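*Asks:* Just dropping this structure here.
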There are 2 protein chains.
Amino acid sequence: MATQPMAAGRPATIHDIAALCGVAASTVSRALANPDRVNIRTRERIQAAAAELNYTPNSQAKALSSGRTGAVGVLVPDITNPFYFDLIRGTQLQLKAAGYTQLLVDTEESDEVEASTLEQLRKSADGVIVAASRLDDEALADAAARMPMVTVNRDVDGVPAVLIDTPSAMPQALDHLISLGHTSVAYVGGPAVSQSSARRWSALSAAAESRGVEVRSLGPFAPKTQSGAAAADAAVHSGVTACIVFNDLIAIGMLQRLRERGLRVPEDMSIVGCDDIFGADFCNPPLTTMSSPIEQAGRVAVSMLLAQLNPLAGGGNRSRSVMPTHLTVRGSTGPAPAK
Amino acid sequence: MATQPMAAGRPATIHDIAALCGVAASTVSRALANPDRVNIRTRERIQAAAAELNYTPNSQAKALSSGRTGAVGVLVPDITNPFYFDLIRGTQLQLKAAGYTQLLVDTEESDEVEASTLEQLRKSADGVIVAASRLDDEALADAAARMPMVTVNRDVDGVPAVLIDTPSAMPQALDHLISLGHTSVAYVGGPAVSQSSARRWSALSAAAESRGVEVRSLGPFAPKTQSGAAAADAAVHSGVTACIVFNDLIAIGMLQRLRERGLRVPEDMSIVGCDDIFGADFCNPPLTTMSSPIEQAGRVAVSMLLAQLNPLAGGGNRSRSVMPTHLTVRGSTGPAPAK
DNA sequence: ACGGCCTTGACAACCGATTGCCATTCGCTG
DNA sequence: CAGCGAATGGCAATCGGTTGTCAAGGCCGT
């Protein structure tokens, strides 16, 4: 039993291994980190001892001495927004595959929380992935200058970004509505500080102009289902027959409110969402929306960040990556009501 | 400009502060951590210097020397399961409030991933919160013996736990169905390794026996909407008129499948879910389900863990906390079909 | 057989903070 | 005025690794 690794005692260190093998601690360190630097026989002895002692490196100590923490921060404005679920899962999987730990932080839709989190992460993480940043361009560029960063759905000069190309699908959505006979459409906007919302609106209004259709902008609205009620009321009041909505959360809230008010979707009003989140396919009616490979976006963001961290591999460090988006037509859009 | 904290240079350390104040680094450390131990005048000088240098302690170094990491691991089987959203948000908020960092890990429904994560976290976190563990009792108890732990929805001797008391709402759900005329009910089970599912089933079958109703068990099924198809088919084939389902994910999947097969809910089949997740209120029809304060469960779990970590405050360390659950009736349950 | 190169492994400084121990100083009491 | 204890702050070890530097030894070629 003496040979059995003591499961209870405190974890083994490289010094324990060194003592067991009769070498210096530094040799153990090298054997494990830089195998070529050490004789194969010694290395094998050390590896065997490490296995026997059930050794795992102390990440704190490693971080302290090497400067690399092996952790990556992932900042999202709201953990409970389903849009981020797939993103988070994507980053988590890719980070784990690369041996990194994910530090997930909910910034509560607040630029201050975001800024202070970034400052703290500067020491405790090797890099960050910032989704839907609420910071202004300057603050974000500053932060990116201090530590490796990749943004998601936020385009700032000099900061590598993964963009979900929802804007480019806007004309598609509009054409879909036009083909159904709609001529009066509203854009239901997201938070005022959301660059995504601004980009979607400008893509939409440009498309509307080239097609000679009237599109008005409503909002801003917070990205929550509860905001859907106000959005729905505003849409009804504005007299449009169709809405393109900043995201599915608001769109689903609108669906509920319209039903409460006795309005039928899509007979009285058509609704198009964005993001194709969990729930968009089983709400009532199922939501026509813009779909994108979100989990993949998370993975790509991690890859881009890791490329920054380890510039060794000759991968051309792309600074922008655009994820394709397409319109998924479900039940929430239909022919415009007869006048 | 010389007085301005250099935003670019590497972060200030206690040594910088010590040099600026003409004291020893250890004094700085004490002034910041243990203010009584140091003269008030010195302390104030040090605090001013710290503020001026924009000092923030290096958490790695602090962890290394003090043994406390200031981080807490949160393990969930599947990040994309909406049930965990609110839980995660609850832990995140409470941890942040207490100055801890949350390490969120998706264990991918795998006991091996869970075990290895726990082993790693043993060094890099002060404690863990484990939701819906897939480990067997012995392994979990072992792990809990090595580091502070609180489980969620998992009851093992000697391990503090927060339990969502869904089992106690089972009789309520059954009575609801009985009052609607159902006499033949199925329980659609979750993963075989899920203790939650087992507890729900035994509560339900006990209630059924005391009421003289036939209840059969179907499954196991993976906790995903996709599993709903198989579950729905099995339920139809079994001839029951109502199902109580392990969780809302499967229940929502069943709703979709039943619709595909041309069966109406609740006219042909009533469905009761569990958890009242995001989406349960807007699916079609809205789901009758068991509701619980999940976010609060997360907060309670954190409180219990912190009580373990800092035994100072005389809070009686409760080892179990049960969150109340109640039936929320929506549109997916209705009168049993006439024979 | 000898000089030089390369491999191998040891030594020690260092990362940034914590903390036990000790020396100094001050104020107070008898 | 001597004596004593509390308050205060410095020194140095320590946490567990990483990494630069260097010495010893083996191998080669000539």
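The values are calculated or read from the model by the stated rules, or taken from the named source; none is laboratory data. None of the values given here were measured: they were computed from a predicted structure. As a convention, Cβ positions derive from the backbone with ideal geometry for all residues, glycine included, and neighbour counts pool all protein chains shown. Each accessible area value is taken on the protein alone, full model and side chains, heavy atoms only, with ligands, DNA and RNA left out. Shrake-Rupley method; radii C 1.70, N 1.55, O 1.52, S 1.80 Å.
*Asks:* Condition first: in a loop (DSSP other than H, G, I, E, B) and without any contact (Cβ under 8 Å) to a residue 60 or more places away in the chain. Now tell me which residues in the stretch B:282-315 satisfy that.
*Replies:* B:282, B:284, B:285, B:286, B:287, B:293, B:310, B:311, B:312, B:313, B:314, B:315
*Asks:* Report, by residue number, each residue of the stretch B:30-39 that is among the polar types (S, T, N, Q) and either in contact (Cβ under 8 Å) with a residue 60 or more places away in the chain or within 8 Å of DNA strand D (Cβ to nearest atom) (or both).
*Replies:* B:39, the sole residue that qualifies.
*Asks:* Residues of the stretch B:247-281 being open to solvent by 10 Å² or more (accessible area, probe 1.4 Å), closer than 26 Å to residue A:225 by Cα and either in a loop (DSSP other than H, G, I, E, B) or among the hydroxyl-bearing types (Ser, Thr, Tyr) (or both), which ones?
*Replies:* Hits for the stretch B:247-281 are B:265, B:266, B:275, B:276, B:277, B:278, B:281.
*Asks:* Same structure, new question: What number of residues within the stretch A:28-39 satisfy the criterion of being hydrophobic (A, V, I, L, M, F, W, C) and within 6 Å of DNA strand C (Cβ to nearest atom)?
*Replies:* Initial filter on the stretch A:28-39 (hydrophobic (A, V, I, L, M, F, W, C)): A:28, A:31-33, A:38.
Retained after the next criterion (residues that are within 6 Å of DNA strand C (Cβ to nearest atom)): A:38.
Total meeting the criteria: 1.
*Asks:* Tally up the residues in the stretch B:106-123 that are open to solvent by less than 20 Å² (accessible area, probe 1.4 Å) and more than 19 Å from residue B:275 (Cβ to Cβ), please. Walk me through it before giving the result.
*Replies:* From the stretch B:106-123, those open to solvent by less than 20 Å² (accessible area, probe 1.4 Å) are B:106-107, B:114, B:117-118, B:121; that's our starting set.
In the following step, the residues that additionally are more than 19 Å from residue B:275 (Cβ to Cβ) were identified as B:114, B:117-118, B:121.
Of the residues in that region, 4 qualify.
*Asks:* May I ask you to list the residues in the stretch A:81-92 that are touching a strand residue (DSSP E or B) at 6+ places or on another chain (Cβ under 8 Å) and within 9 Å of chain B (Cβ to nearest Cβ)? If you could, list the steps in order and put the result at the bottom.
*Replies:* Start the filter on the stretch A:81-92 by keeping residues that are touching a strand residue (DSSP E or B) at 6+ places or on another chain (Cβ under 8 Å), which leaves A:84, A:87-89, A:91-92.
Selection gives A:88, A:89, A:92.
*Asks:* Let me ask you something else. Quick test of your reading of the structure: residue B:234 fulfils all but one of (1) in a helix (DSSP H, G or I); (2) open to solvent by 10 Å² or more (accessible area, probe 1.4 Å); (3) among the aliphatic types (A, V, I, L, M); (4) touching a helix residue (DSSP H, G or I) at 6+ places or on another chain (Cβ under 7 Å). Name the failing condition by number.
*Replies:* Just one mismatch for residue B:234, condition (4).
*Asks:* Select from the stretch B:269-285 the residues that are in contact with a Cys (Cβ under 6 Å, 6 or more places away or on another chain) and either more than 7 Å from chain A (Cβ to nearest Cβ) or aliphatic (A, V, I, L, M) (or both) and list them in ascending order.
*Replies:* Matches in the stretch B:269-285: B:271 only.
*Asks:* Let me ask you something else. From B:42, B:13, B:27, B:91, grab the single residue that is touching a residue at least 40 places away in the same chain (Cβ under 8 Å), within 16 Å of DNA strand D (Cβ to nearest atom) and open to solvent by less than 70 Å² (accessible area, probe 1.4 Å).
*Replies:* B:13
*Asks:* So if I check each of A:325, A:241, which one is away from chain B (no Cβ under 14 Å), touching a His at 6+ places or on another chain (Cβ under 6 Å) and among the polar types (S, T, N, Q)?
*Replies:* Among A:325, A:241, only A:241 is away from chain B (no Cβ under 14 Å), touching a His at 6+ places or on another chain (Cβ under 6 Å) and among the polar types (S, T, N, Q).
*Asks:* It is to be established whether one or more residues within the stretch A:110-123 are within 13 Å of chain B (Cβ to nearest Cβ) and within 16 Å of DNA strand D (Cβ to nearest atom).
*Replies:* yes
*Asks:* Output yes when any residue across the stretch A:161-180 is over 18 Å from the mean Cα position of the chain (by Cα) and of a type in the set (Ser, Thr, Tyr), and no when none is.
*Replies:* Yes, the stretch A:161-180 has at least one match.
*Asks:* Here are some residues: A:25, A:98. Which one is within 11 Å of DNA strand C (Cβ to nearest atom), at negative phi and more than 9 Å from chain B (Cβ to nearest Cβ)?
*Replies:* A:25
*Asks:* Identify all residues within the stretch B:40-62 that are over 34 Å from the mean Cα position of the chain (by Cα) and within 12 Å of DNA strand C (Cβ to nearest atom); write none if there are none.
*Replies:* Within the stretch B:40-62, B:46, B:50, B:53, B:54, B:55 meet the criteria.
*Asks:* Restricting to the stretch A:67-81, name every residue that is surrounded by fewer than 22 Cβ atoms within 10 Å (Cβ to Cβ) and more than 16 Å from DNA strand C (Cβ to nearest atom).
*Replies:* A:78, A:80
*Asks:* Of the residues that make up the stretch B:60-79, is at least one more than 8 Å from DNA strand D (Cβ to nearest atom), more than 14 Å from chain A (Cβ to nearest Cβ) and farther than 26 Å from residue A:11 by Cβ?
*Replies:* no
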